[in-house]
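The values are calculated or read from the model by the stated rules, or taken from the named source; none is laboratory data. These numbers come from a predicted model, not from an experiment. Note that each Cβ is placed from the backbone with ideal geometry, even for glycine, and that neighbours are counted across all protein chains shown. Accessible surface areas use protein heavy atoms only, side chains included; no ligands, DNA or RNA. Shrake-Rupley method; radii C 1.70, N 1.55, O 1.52, S 1.80 Å.
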Amino acid sequence: MSKTITIDGKKIPFSEGQTIMEAATEAGVYIPHLCHNPDYEPHGSCKLCTVSVNGRNCTACTFPAMDGQEVISESRELEHDRQRITQMLFVEGNHFCPGCEKTGNCQLQAVAYHLNMLDNHFPHFFADREVDASHPDILIDHNRCIFCTLCVRASREKDGKNVFAISGRGINKHLIVNSASGKLGDSDIDVNDCAAHICPTGAILIKRQGYRIPIGQRIYDHKEINEVALEQEREGHGG
Amino acid sequence: MKQFLDQVLESAERQSTRLMQILRAVQDEYHYIPEQAIDYLAEQLNIARTQIISVAEFYSFFHLQPQGHYEILISDSITDLMLGKANIMAYLSKALRVEVGAVREDGIVSLNNTSCTGMCDQGPAGLVNGYAITKLDRPKIDRMAELIDNQVPLADWPAEFFQVDDNIRKPGLLLQQEIDQGAGLRQAFARGLQETLAEIDKSGLRGRGGAGFNTAMKWRFCAEEQSDRHYVVCNADEGEPGTFKDRVLLNSYADQVFEGMTLCAAIIGAEQGYLYLRGEYRHLEQQLRDLLQQRREAGLLGDNILGQGLNFDIEICMGAGAYICGEESALIESLEGKRGIPRNRPPYPVSHGYLNKPTVVNNVETFMAAAAISANGGDWFKGAGTEKSAGSKILSISGDCALPGIYEYPFGTTIAQILHDCGAVDVLGVQIGGPSGTFISKHELERKLAFEDLATGGSFIILNNSRNLFAMVKNFTHFFAHESCGFCTPCRVGTSLLKNQLDKVLDGHGSAGDVVALEELCQLVKNYSHCGLGQTAANPILTTLQRYPDLYQNQLKEISYEPGFDLDAALETARRMAHRDDAAAHLTQVED
C-alpha cells in the first residue's frame, strides 16, 4: 500500500524519504518558495513554503512527508503571512521592479504577484548596498539579494568552485565572494557556471543580455509562477 | 606571523573543525583577524577564505578591523543598566579618552557594548580582553585608566578586579550535596549501565536548558543509533540575559558536570565529549582544563576509565560571543568551526549531531543532576518537585532584590516564596526565563516554578515599582535583533522591524495603528521563525502588551496616523540650497 499525506484535503501519495514539497510538486500542488530548487539540497531559510503540519508550522521544503500527515497550505492565514514574509524581503533590500533587468523573469516579483502583494507594508530599511560590476560577463547587484543561497549551493555543488558565501549576522547578513579582493572579477566564476544563472531575483545578472527578450514577452508576463514552477520542477522532483 | 600561525595550527592539529579555537588565538595575538592570517589559514586548513571571513563576521568577539590592545566590552544587559551601566560607560569613555564603539587613536584601547556577560549579580560588569571584570565603579575605572595608560599587562592588574563570586544563597537538592568524585560512575558500573539509564528514567529528569525534554529518552534514542561514533556535548553557552547559574556550577561543581558527561558517554557509547563554553566565561577556561587533567590522572577520563574498558575524553571549545549558539544545533555547527546557524530539523542531533554522528547535547545542570541521580538513585530525585517536574531547579536571581545570586528550589515552589527569600520588596513584576521567557506582574506571584506552569531555564530578573517597564522591553527587543543569526526571513528582518516599530512607539511617534502593527508583527515573527530565538523574540513585547495595554496606549499620539519619517526635516537640505526658510518652505507632517 502506498503512503499518503493530505494537503488541503487532497490525498497525495509519496515515496519514502520525500519532503512535503517534493510530494506536493509531484502531485501538481504548488507551494510558494524562493530558496528551494529541486536540483539542490533544501535550505529552509526563506520560509515562504511554511505549511501547517498537524497544527504546527514547518517548511515544506525540509520537512519529511509522513503517512497520514494533515497539511494545510492554502489557508487564508498562511497566504496572508506568506505575503508579509515576501514584503519583508522587499523592504530589507532595495527592489525597484520597473527598473530591473530581471523584471518579468524574476521569481521574487512573480511570487509577490502570486500572493497579491500590492504594497511593501513595512517601513524600508534603505540598506546601503553595492553593485559589483568587476567581472567582464557577470554583475552582482547586492541591492536585490535575498540570501536564498542558491548561488552558494550551485557554485559549490554543481560548479565545484565555492565562489560565494554568506557572511555577517542578523540584518547585516550579506553575500561575499571568494577572491582576495572580495570582487567577483577576481574570482574564478565563469559565465557558463550554474551559479551565474540560478539567481531567483536580479541580484546576479549576465552582462550584455539586457532586454534581449522585451518586457511583455517574459516568463511571468504570461504565466503565473505556480504554473511555471510546477512545469519546471515536477521533472526535477522525478514526477 | 607565519611562525605564530603555524604554532596555532599545530595546537589545533590543523583541523578546520577547530577554527573557533584558531581564530580566538589569532584575535588574542593581533587584536583582530588580519588579512594575511586569513589567506594563510585558508591555505593551510584547505578551506575557502570566505569560511574564515564569514565565521569572523558572525561572532561578536572576532574582528576584521584592529581593536585596542586592551579590548574593553561592557555588558548591555538590563541588570547592568539597572546597576548604573550608562553612567559607568560614560565615565569609562571619558577616563579612557575613547568613544564607545571606537579604538583610541594610539590603538591602545577600544571600548564597546556587548550582550549580557552573565555577571548580573555583580554588575555593572564587562570584559577586558575576554576576562570578566565585575562591580565596576569610578575608583576602579580610574585605576583601569592608569593601568592602561602605563600599558601594564593584564596579568599584572589587581586580582580583585577579576573576582567573580558564586553568591550561592540557597542551596537545595543538588547544591548542598555534591557527590564524591567518581561516585556517580562507580555506582553506574556497579549497578549496570542499562540499569543506570533506568534509574535516570525513573528520576523523571528533564533537560534543564528550558525545553525540558526527557533526559533518559534522549540518551536512549542516541544509544540506539547505529554509528561508528557517538558524541556527548555539554551546552555551557548560557547566554540568556539574567542567567549565570552555569557559571557557578562550572566554577564550583564542574567535577560533577564532567562526571555526568562521562556517565552519558558510558551509556551511549561515546569516546569524545565537548564542553562548549561561552566566550564570556573565559576566566573559567584554565581551571576547567586543569580539572580535566586531574580527572585523567584519577582514572576518570581517558583510556580504560575505572578499569571498566570505557575510553572517553572531554575537550573544551570556547564560544566567541553569539547567543544563538545556545541553540543545540547552532552550537554543533559552531563546534564544527562554522557560523552558528540552527540546522533544519528533523533530523535531530541524537541521530545527526556533531559531524552528523549521533550526539547527546545537554545543559550543564542536566549533566550535574544525572551524575547525582546515578550516585543517589532515581527515587532520591523524584522525591522532590511535582508530578511532571521532578527534582529541583537552580535559579539565577538578579535585579531589584537584597540578595542577588544562586537559589535552588524544588519544582512547585511559588514565585512569592522565592521573592521573599531573596529580599525583593515593592515588586512590579518578574521576568522569568530571561527575555525569551515571560514577564509576570505582581498579581501573579502565586504561580509556580514548574514545567506545568512557569517553565524556565533559570533566570529571574526582578523589577520594583521604580522601574520603567519599557526600558526592559526595549533592551530585550534590541538584544534579539542584535543576536538574530539572520538565517530565516521572519527572524532576520522581523526582529529588526520589531526593534524599529517598538522604538517608534516608545519614542512617542506612534499612533493607534502602530500598536496593532506591532502586535501583528510579533505574531508573524513568533509563528514563522526557524528556531527558538525568533519564536521567542517577540515575548517581551507580547507578555507586557498583554499585561499593560494601557502603558502602551499612553505612549501613543492622538492622531490616526503618524508617518515613519519627518517630512519637514527631510526638506532641510533643500531649504539650505534654496536659501529659503519662509513658511511656504515648510510642510506639516500630517493634516490634522
Quick one: dipole size for chain B, taken about the Cα centre, charges +1 on Lys/Arg Cβ and -1 on Asp/Glu Cβ, in debye to the nearest 20. 760 debye
For chain B, share of DSSP beta bridges that run antiparallel, in % to the nearest 5: 50 percent
Ranked order, A:R56, B:R104, B:R229, B:R492 - accessible area, probe 1.4 Å, largest first: A:R56, B:R229, B:R104, B:R492
Taking amide H positions as placed 1.01 Å from N in the peptide plane, with prolines and chain starts having none, which residues 5 or more places from B:N113, or on another chain, fall under 5 Å of its amide H? B:I74, B:G101
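Cα-Cα pairs above 18 Å in the stretch B:179-265: how many percent?
Numbers: 1937 of 3741 pairs.
Counting every Cα pair in the stretch B:179-265, those more than 18 Å apart make up 52 percent.
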Return the whole-Å distance between the Cα centroid of the stretch A:30-50 and the Cα centroid of the stretch B:483-522. 25 Å
Starting from a Cα-only point model with no solvent, please compute log10 I(q)/I(0) by Debye for the stretch B:425-562 at q = 0.14 1/Å. -0.64
Residues in the stretch A:8-23, backbone N under 17 Å from the label point at A:S75 (7 Å along the Cα-to-beta-carbon vector): list them, ranges by number please. A:8-10
Order by accessible surface, 1.4 Å probe, largest leading, for residues A:H43, A:H135 comes to A:H43, A:H135
For the Cα atoms of chain B, what angle does the longest principal axis make with the long axis of helix B:489-506, in degrees from 0 to 90, nearest 10? 50 degrees
Once Lys and Arg get +1 and Asp and Glu get -1 on their Cβ, which of B:A375, A:N172, B:S396 lies farthest toward the positive end of the dipole of the protein assembly as shown? B:A375
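By per-residue mean of other Cβ atoms within 10 Å, what is the highest-first order of B:419-426, B:400-407? Working shown, then result.
Working: B:419-426: 16.5, B:400-407: 21.0.
Final packing ranking: B:400-407, B:419-426.
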For B:E297 paired with B:Q523, estimate the spin-label separation in nm (one decimal), with each label point 7 Å from Cα along the Cα-to-Cβ line. 6.2 nm
Could you give the angle, 0 to 90 degrees to the nearest 10, between helix A:225-236's Cα long axis and the longest principal axis of the Cα atoms of chain A? 80 degrees
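Let me know the mean shielding of B:50-58 by other chains, meaning the per-residue number of their Cβ atoms within 10 Å of its Cβ.
Numbers: counts 14, 4, 1, 6, 8, 2, 1, 8, 7.
Mean partner-chain Cβ count within 10 Å for B:50-58: 6.
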Pick from A:P32, A:P98, A:P200: which residue has the top mean-square fluctuation in a GNM of chain A where Cα pairs under 10 Å get a spring? A:P98
How much accessible surface does B:V55 have with a 1.4 Å probe, in Å² rounded to 10? 0 Å²
For the stretch B:263-374, what is the Kirkwood estimate of the hydrodynamic radius, computed as the reciprocal of the mean inverse distance between distinct Cα atoms, to one decimal in Å? 15.0 Å
Output ordering of A:202-212, A:116-126 (per-residue mean of other Cβ within 10 Å, highest first) is A:202-212, A:116-126
Sequence-separation-based contact order of chain B, relative, with Cα cut under 8 Å and 6+ spacing, percent: 13 percent
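State to the nearest 20 debye the size of the charge dipole of the protein assembly as shown about its Cα centre, where the only charges are +1 on K and R beta carbons and -1 on D and E beta carbons. It would help to have the intermediate numbers written out before the result.
On the way: 76 positive and 109 negative charges, 121 e Å.
Around 580 debye, computed over the protein assembly as shown.
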Could you point to the residue in B:G423, B:Y40, B:G210 farthest towards the positive end of the protein assembly as shown's charge dipole, with +1 and -1 charges on the Cβ of Lys/Arg and Asp/Glu respectively? B:G210
Taking only Cα atoms, what is the 0 to 90° angle, nearest 10, from helix B:364-376's long axis to the longest principal axis of chain B? 30 degrees
When N counts the residues of chain A, how does its alpha-carbon radius of gyration compare numerically with 2.2 N^0.38 Å, as a ratio? 1.03
For chain A, modelled as a Gaussian network with Cα springs under 10 Å, which listed residue fluctuates most, A:Q69, A:Q83, A:Q107? A:Q69
Under 5 Å between amide H atoms, partner at least 5 residues away or on a different chain: which partners does B:C317 have, H built in plane at 1.01 Å? B:L275, B:Y276, B:L277
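Can you bin the stretch A:1-136 into rounded, prolate or oblate? Criterion: square roots of the alpha carbon gyration tensor eigenvalues sorted a ≥ b ≥ c, rounded for a/c under 1.5, prolate for a/b above b/c, oblate for the rest. Don't jump to the answer; show the numbers that get you there.
Numbers: a/c = 2.58, a/b = 1.86, b/c = 1.39.
Cα axes put the stretch A:1-136 in the prolate bin.
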Antiparallel bridge percentage (DSSP; both residues within the protein assembly as shown; nearest 5): 60 percent
Taking amide H positions as placed 1.01 Å from N in the peptide plane, with prolines and chain starts having none, which residues 5 or more places from B:A455, or on another chain, fall under 5 Å of its amide H? B:A450
Label-point gap, in nm, between A:N120 and A:A133 - each point 7 angstrom along Cα→Cβ: 2.3 nm
In chain B, which cysteines lack any other cysteine Cβ under 4.7 Å from their own? B:C116, B:C120, B:C222, B:C234, B:C264, B:C317, B:C325, B:C485, B:C488, B:C491, B:C522, B:C531
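Quick one: of B:K393/B:K526; B:K140/B:K170; B:K526/B:K557; B:K218/B:K382; A:K47/B:K526; B:K382/B:K442, which pairs are farther than 22 Å apart, Cα to Cα? Before the final figure, lay out the partial values.
Working: B:K393/B:K526 27 Å; B:K140/B:K170 30 Å; B:K526/B:K557 27 Å; B:K218/B:K382 18 Å; A:K47/B:K526 13 Å; B:K382/B:K442 31 Å.
Going by Cα-Cα distance, B:K393/B:K526; B:K140/B:K170; B:K526/B:K557; B:K382/B:K442 fall outside the 22 Å limit.
Kirkwood hydrodynamic radius of the protein assembly as shown from all distinct Cα pairs, in Å?
Values: mean 1/r = 0.0349 Å⁻¹.
In the protein assembly as shown this quantity evaluates to 28.7 Å.
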When the distances between all Cα atoms of chain B are binned every 10 Å from zero, what whole-number percent does each bin get? 3, 16, 25, 26, 18, 7, 2, 1, 0, 0
Within a Gaussian network of chain A (alpha carbon springs, distance under 10 Å), most fluctuating of A:E26, A:E41, A:E77: A:E77
Label-to-label distance, nm, for residues given as A:D39 and B:R345 (7 Å Cα→Cβ offset): 3.3 nm
Taking Cα pairs under 8 Å and at least six residues apart, what relative contact order does chain A come out at, in percent? 21 percent
Once B:E558 and B:D165 are pulled to full extension, the length gained, defined as 0.36 nm per residue separation minus their Cα-Cα distance, is 136.5 nm
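Please compute, for peptide B:492-504, the average count of beta-carbon atoms on other protein chains lying within 10 Å of each residue's beta-carbon. Mind dumping the intermediate values first?
Numbers: counts 11, 14, 6, 2, 8, 9, 0, 1, 3, 2, 0, 0, 1.
The mean count of partner-chain Cβ atoms within 10 Å per residue comes to 4.
Hey, with R₀ at 45 Å, roughly what FRET efficiency would B:R229 and B:K442 work out to, going by the Cβ-Cβ distance, to 0.05?
E(calc), rounded to 0.05, equals 0.30.
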Using a 1.4 Å probe on heavy atoms of the protein chains only, the accessible area for A:H114 in Å², nearest 10, reads 60 Å²
For the stretch A:99-234, what is Rg from Cα atoms divided by 2.2 N^0.38 Å, rounded to two decimals? 1.09
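Magnitude of the Cβ-charge dipole of the stretch B:187-329, K/R +1 and D/E -1, about the Cα centre, nearest 20 debye?
Values: 14 positive and 22 negative charges, 65 e Å.
Here the stretch B:187-329 has a charge dipole of around 320 debye.
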Less than 20 Å apart at the alpha-carbon level, and either on another chain or at least 8 residues along: which aspartates and glutamates does that give for B:K94? B:E71, B:D76, B:D80, B:E105, B:D106, B:D137, B:D142, B:E146, B:D149
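Is there a simple number for the mean count of other chain Cβ atoms within 10 Å of the Cβ of residues in A:92-98, and what is it?
Working: counts 5, 1, 0, 0, 0, 0, 0.
Across A:92-98, the average partner-chain Cβ count within 10 Å equals 1.
If you count, for each residue, the other Cβ atoms within 10 Å and average over each peptide, how do B:456-462, B:209-215 line up from highest to lowest? Write out the running numbers ahead of the final one.
Values: B:456-462: 27.7, B:209-215: 18.9.
Output ranking for B:456-462, B:209-215: B:456-462, B:209-215.
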How large is the accessible surface of B:M318 in square angstrom, using a 1.4 angstrom probe and rounding to the nearest 10? 10 Å²
Length gain on complete extension for the stretch B:D550 to B:F213, per 0.36 nm per residue less the alpha carbon to alpha carbon distance? 117.6 nm
